[in-house]
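Undergrad: Below is the structure I would like to discuss, written out as structure tokens.
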Ligand SMILES: [Zn+2]
């Protein structure tokens, strides 16, 4: 968005999925966007914020499959275009999502949106140092994977990157938070950072991840990239967690 759509006048929009804009009907969005320009962007957790010259923000969540595409000729419109912006320079920006799991909304400010959604600090927030991270998790009930995926505690980590982090540290996903030592918490913090930085660097393309990573092997018939053991699956907070029983141990007792 920064490289293409900033500072261009928005002529009009098209909403192709009412579900994705559920909180702000199309006419409301059109009113907010028409004749405005995007001036800046920010990210918090899984949300992208595009700041308008009116002071309002367009908020985009990409679900599991969404992405943005910028193009000139409407013949290049992506197949799963759910939301389309027409710019005065003749180009368009499409929010393309094969599975309609995302969300597009308006916010008065990033802070107001964070408060409304009760979002915790971003996982890569520079103010979130290891000690703050430890204190945030300390005394929590429940499993470490659930805590890492909970956007109200920490924004930005989902099913895939919590699995990757716990795989690399060697912790079973159903391990209780309160059973983890301060040293293990620090290791989780450092690993989470390196996993997210790698994912951003490789543009979240699993095929470009290091082969020692769990992500490219994270399928029902996948094997551990480090020891070759078949990966196991277990449900945590309604999601399928993948782990290596050699590296991450068996189901913790009392889980
Ligand atoms: Zn293994």
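The values are calculated or read from the model by the stated rules, or taken from the named source; none is laboratory data. Not measured: the values here are computed from a predicted model. Backbone-built Cβ (ideal geometry, glycine too); neighbour counts: all protein chains shown.
Undergrad: In this structure, is residue 28 farther than 30 Å from residue 124 by Cα and assigned to a loop (DSSP other than H, G, I, E, B)?
TA: no
Undergrad: Checking residue 227 against (1) more than 27 Å from residue 129 (Cβ to Cβ); (2) touching a helix residue (DSSP H, G or I) at 6+ places or on another chain (Cβ under 6 Å); (3) away from the ligand (no atom under 15 Å from the Cβ), only one condition comes out false. Which one?
TA: (3)
Undergrad: Moving on. Within the stretch 50-61, how many residues turn out to be surrounded by fewer than 21 Cβ atoms within 10 Å (Cβ to Cβ), in contact (Cβ under 8 Å) with a residue 24 or more places away in the chain and more than 10 Å from residue 105 (Cβ to Cβ)?
TA: 2
Undergrad: Still on this model: Being under 17 Å from the mean Cα position of the chain (by Cα), closer than 30 Å to residue 246 by Cα and modelled with pLDDT of 95 or more: is that true of residue 159 here?
TA: So residue 159 passes the test.
Undergrad: Something else now. With touching a strand residue (DSSP E or B) at 6+ places or on another chain (Cβ under 7 Å) and surrounded by 14 or more Cβ atoms within 10 Å (Cβ to Cβ) as the only criterion, which of 165, 191, 198, 175 stands out?
TA: The unique qualifying residue is 175.
Undergrad: On to the next question. Inspect all residues belonging to the stretch 34-46 and state whether any of them is under 20 Å from residue 157 (Cα atoms) and assigned to a loop (DSSP other than H, G, I, E, B).
TA: Yes, the stretch 34-46 has at least one match.
Undergrad: Taking residue 190 as the residue in question, decide whether it is modelled with pLDDT of 95 or more, assigned to a helix (DSSP H, G or I) and away from the ligand (no atom under 16 Å from the Cβ).
TA: yes
Undergrad: Can you name the number of the only condition in (1) within 16 Å of the ligand (Cβ to nearest atom); (2) in contact with a helix residue (DSSP H, G or I) (Cβ under 9 Å, 6 or more places away or on another chain); (3) touching a residue at least 24 places away in the same chain (Cβ under 8 Å) that residue 250 fails?
TA: For residue 250, the exception is condition (2).
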